[in-house]
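Student: For reference, the structure I am asking about is given below.
Here, each number is a calculation from the coordinates, and none is a lab measurement. All values derive from a computational prediction rather than experimental measurement. No Cβ is skipped: glycine too gets one built from the backbone with ideal geometry, and neighbour counts run over all protein chains shown.
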């Protein structure tokens with residue numbers, strides 16, 4: 001694997017994670033929301049630069065200053081809000097990567113796809129688990 005690869009993240013119904021660079025403040029924690037409605041892997045708003053600064057990966061948006069993250073600890077089946085699994089995902093401004101922005105990517109799935117997931121360990125407090133999974137596809 002080269003140091004930097006361009007990837008897309010595929011979610012429900014094969015749709016791609018898409019960032020609107022004008023939506024800072026409208027997502028979880030006041031950051032960017034991730035929309036799972038992209039259809040064109042060549043659209044920069046659907047692309048991320050994948051790097052591996054340590055044991056886990058970092059996915060940086062190609063259109064906005066931010067990194068891909070997921071938090072199922074705060075954005076899961078909250079009785080006060082209708083459940084929407086896509087609300088786990090966000091783009092955090094800058095490159096200050098914490099546990100929620102550290103993506104694990106696994107090979108070996110029966111369909112041959114790479115699977116991305118944010119794994120929660122002791123860094124996430126008492127919550128040990130995973131975000132919703134998504135496919136990671138290299139486009140460049």
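Student: Using mean Cβ contacts within 10 Å as the protection proxy, how do 55-67, 97-109 order, highest first?
Tutor: 55-67, 97-109
Student: Per the Debye formula with a single identical scatterer at each Cα and no solvent contribution, what log10 I(q)/I(0) holds for the chain at q = 0.13, 0.14, 0.20, 0.21 Å⁻¹?
Tutor: -0.51, -0.59, -1.28, -1.43
Student: Determine the equivalent ellipsoid of the stretch 1-61 by diagonalising the alpha-carbon gyration tensor, then write out the semi-axes as square roots of 5 times the eigenvalues, largest first, rounded to whole Å.
Tutor: On the way: eigenvalues 82, 49, 21 Å².
They are 20, 16, 10 Å, listed largest first.
Student: Moving on. If the chain between residue 139 and residue 40 were fully stretched, how many nm would it gain, using 0.36 nm times the residue separation less the Cα-Cα distance?
Tutor: Values: separation 99, 0.36 × 99 = 35.64 nm, distance 1.08 nm.
Working it through step by step, the gained length comes to 34.6 nm.
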